[in-house]
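Quick notes on the structure that follows.
The values are calculated or read from the model by the stated rules, or taken from the named source; none is laboratory data. No experiment lies behind these values; they were computed from the predicted model shown. Neighbour counts run over all protein chains shown; Cβ positions are idealised from the backbone, glycine included.
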Amino acid sequence: MLDATAVRMRAEPGRGLYESFYFRGTSPDGNHAFWLKHNMLRYRGSGEVWLEGALVLFDRAANKTAAVYSHEAMGADRFARMAEQATDWDHVALQMPNGTSVQIGRNLLGGELAGEGGHARWDLQVKRSGLALVHYPHGWMYRLPWPDNKVVTRDCHVDFHGSVWAGNLAFSGAFHGMNGHNWGTGHTHAYAYANCAEFDGREGVYFDGFSSRVALAGGRFVTPFLSMAYLHTGSRWHRFNRLRRAAAHTVTRFDDYGWRAELTNHTHRLVVDIDGATPAVLPWIALHYGHPDRKRSVVKNTKFASLRLRLLRQDGSLEDEFSSEVCELETLLPGNRPANEGFVGTA
């Protein structure tokens, strides 16, 4: 069984790799959200590992975001010593010379950052559900080089209580969200990714899905859209992740602020309609992601997209439907180029 908490960045100088272990939470009233990212990045041909931390806050009522980002390089020898002990993301205690501190435990998250965007601090108690999601249908897809990026949801339903502060925004109280983990030798060429842990009038429902285009042969070829999705109704999983069907699912919208797709499995059809409006209406943020090959991409994200799901039987009759106004939507379009050298761009 795949270990969703194992640290994947090993002391292998020269091998390009990125890794992200992150948390997101939304307040019960749907007005505030946070995104806490713990990242590592090693460029191809380098022995250094860049340790990166970011806290992003979203204020729906004020249509504002605030982000603080800090990064520091760790030499190959020092990282090798740390890697011998830091094998599990559930047990992390790290203090960096630049003032960054991070604590990740089974029941708590704590830390402090200083860097681009000012200062950030968080102190959260954590209650986990134990419901995990392994996205790919075959174990070899996590063991072999392809696909370049590996994705797993470490916990689909996490309750947080405490405070988060970044730049000129600060929230406190209860939040509900998830804990994700991804890693790989490169980010996908283009994608729309969404997850949602809170639905109107429904308890225990979780949705996760994506459509992506994958570059092959060093970028000379790009696949059609490959789509997968997962719906947990609170009592059972509906999985639309068969590899042979991935390219056959229909994608009818794919842009900076929206994603629409229709997926099928042997028993059901799932219609996904996600609308993130525009940055003039909802708080969006654009982050500049570094790749192991030293390229950079613009990744746009909101925690307040509207989501409509329709679960249909094979005969076309409606089995269930779900809606939410607090869906996370993240998009990467290759035509978007970083406008500056910083981590935060223009949404």
Scan the stretch 101-108 and give yes if some residue there is part of a strand (DSSP E or B) and not hydrophobic (A, V, I, L, M, F, W, C), otherwise no.
-> yes
So how many residues does the stretch 308-322 have that are touching a residue at least 12 places away in the same chain (Cβ under 8 Å), farther than 30 Å from HIS187 by Cβ and part of a strand (DSSP E or B)?
-> 7
The stretch 293-324, subset under 18 Å from the mean Cα position of the chain (by Cα) and not polar (S, T, N, Q), residue farthest from GLY209 (Cα to Cα) | ARG296
Matching option when the condition is assigned to a strand (DSSP E or B) and surrounded by fewer than 16 Cβ atoms within 10 Å (Cβ to Cβ), among ALA62, ALA93 | ALA93
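Rundown of residues vs (1) surrounded by fewer than 20 Cβ atoms within 10 Å (Cβ to Cβ); (2) modelled with pLDDT of 95 or more, yes/no style:
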{"site": "ARG10", "(1), (2)": "yes, no"}
{"site": "GLY14", "(1), (2)": "yes, no"}
{"site": "ARG24", "(1), (2)": "no, yes"}
{"site": "PRO28", "(1), (2)": "yes, yes"}
{"site": "ALA33", "(1), (2)": "no, yes"}
{"site": "LYS37", "(1), (2)": "yes, yes"}
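For LEU287, state whether it is of a type in the set (A, V, I, L, M), surrounded by 16 or more Cβ atoms within 10 Å (Cβ to Cβ), more than 28 Å from TRP146 (Cα to Cα) and in contact (Cβ under 8 Å) with a residue 60 or more places away in the chain.
Numbers: of a type in the set (A, V, I, L, M): yes; surrounded by 16 or more Cβ atoms within 10 Å (Cβ to Cβ): yes; more than 28 Å from TRP146 (Cα to Cα): no; in contact (Cβ under 8 Å) with a residue 60 or more places away in the chain: yes.
No.
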Is it fair to say TRP146 is over 15 Å from the mean Cα position of the chain (by Cα), among the hydrophobic types (A, V, I, L, M, F, W, C), modelled with pLDDT of 95 or more and within 26 Å of GLY184 (Cβ to Cβ)?
-> no
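I'm trying to understand the selection: among the residues of the stretch 323-347, which are within 28 Å of THR264 (Cβ to Cβ) and assigned to a strand (DSSP E or B)? Show your work before the answer.
Our first condition is that a residue be within 28 Å of THR264 (Cβ to Cβ); within the stretch 323-347, this holds for 323-334.
Across the stretch 323-347, the qualifying residues are SER323, SER324, GLU325, VAL326, CYS327, GLU328, LEU329, GLU330, THR331, LEU332.
Which ranges mark the strands (runs of 3 or more DSSP E) fully within the stretch 120-218 that have 1 or more residues being in contact with an Asp or Glu (Cβ under 6 Å, 6 or more places away or on another chain) and more than 26 Å from ARG310 (Cα to Cα)?
Values: elements: 149-166, 169-184, 190-196, 206-213.
So the answer is 149-166, 169-184.
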Residue pairs qualifying under the 9 Å Cβ cut-off, at least six apart or on distinct chains, with the first in the stretch 265-280 being more than 30 Å from ASP315 (Cα to Cα) and surrounded by fewer than 18 Cβ atoms within 10 Å (Cβ to Cβ) and the second being aromatic (Phe, Trp, Tyr) and modelled with pLDDT of 95 or more, are ALA277/TYR257; ALA277/TRP284; ALA277/PHE304; THR278/TYR257; THR278/TRP284
Looking at (1) over 25 Å from ALA305 (Cα atoms); (2) under 15 Å from the mean Cα position of the chain (by Cα); (3) in a strand (DSSP E or B); (4) not basic (Lys, Arg), can you tell me which one LEU41 breaks?
-> (2)
Across the stretch 1-38, the tally of residues that are over 19 Å from the mean Cα position of the chain (by Cα) and of a type in the set (A, V, I, L, M) stands at 2
